[in-house]
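To start, the structure under review is shown below, and the notes come after it.
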Amino acid sequence: MRNLVFFLLINTFLLSACQQTGIKENHSLAELTQDMEISSKAHKRHHYTGNTYQWVSANIVINDPSGVWNTPEFDYDAYISSKIKKELEKIGLFESKESNIAFSYDIDVNMSAIQVKKFNTTEPGSDKKTNEQLVFHIPESVLSIIIRDKSNYDILWTGSVKSDYKNLPPEIATKRIDYSISEILKRLPKNP
């Protein structure tokens, strides 16, 4: 059951940034990722040494009171975990049970999210421009990568990407995942 829930959550994030209609595999990466907001934060006690980490499991939270979630056709958990580990190796961090830091990732999907969008409009028959704000139901997802101190599980660093949720085929979703993970980990502070 946990695997099914996790699978569903990952699908939401991964399939989230582009509309199902009109999205093609040959769209540029910029077009496929334009809705993403990437951020990171080093916490007050950020400090780790060495070049190893321990991998811990992912956490998934789905808020779907209307039951509109679709089951993914792809093992996103395995894909995301593998992609994060490969990116960490590229920057010189390797998995080990003896490490003093732990890496994990979280996915949060809110199928009931409400967003306010601003529009610049021109009134009919005049050149007067106005700003309008409209409220839309736009599901959203967040993928976060977290570093914790293994001794007390205090958070040392977080990096995340927030995007609109839209149901996408796995070929496009994996491009978005690859981009998200690479961009998040570019913000990882260098090991002192």
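The values are calculated or read from the model by the stated rules, or taken from the named source; none is laboratory data. All values derive from a computational prediction rather than experimental measurement. So basically every Cβ, Gly included, is an ideal-geometry build from the backbone, and we count neighbours across all protein chains shown.
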For strands (runs of 3 or more DSSP E) lying entirely in the range 53-126, having 3 or more residues that are touching a helix residue (DSSP H, G or I) at 6+ places or on another chain (Cβ under 8 Å) and at pLDDT 80 or above picks out 101-110
Failed item, numbered, when Ile10 is tested on (1) out of contact with any helix residue (DSSP H, G or I) (no Cβ under 9 Å at 6 or more places or on another chain); (2) buried (at least 17 other Cβ atoms within 10 Å of the Cβ); (3) modelled with pLDDT under 80:
(1)
Subset of the range 176-189 (residues that are charged (D, E, K, R) and within 12 Å of the chain's Cα centre (by Cα)):
Arg176, Asp178, Glu183
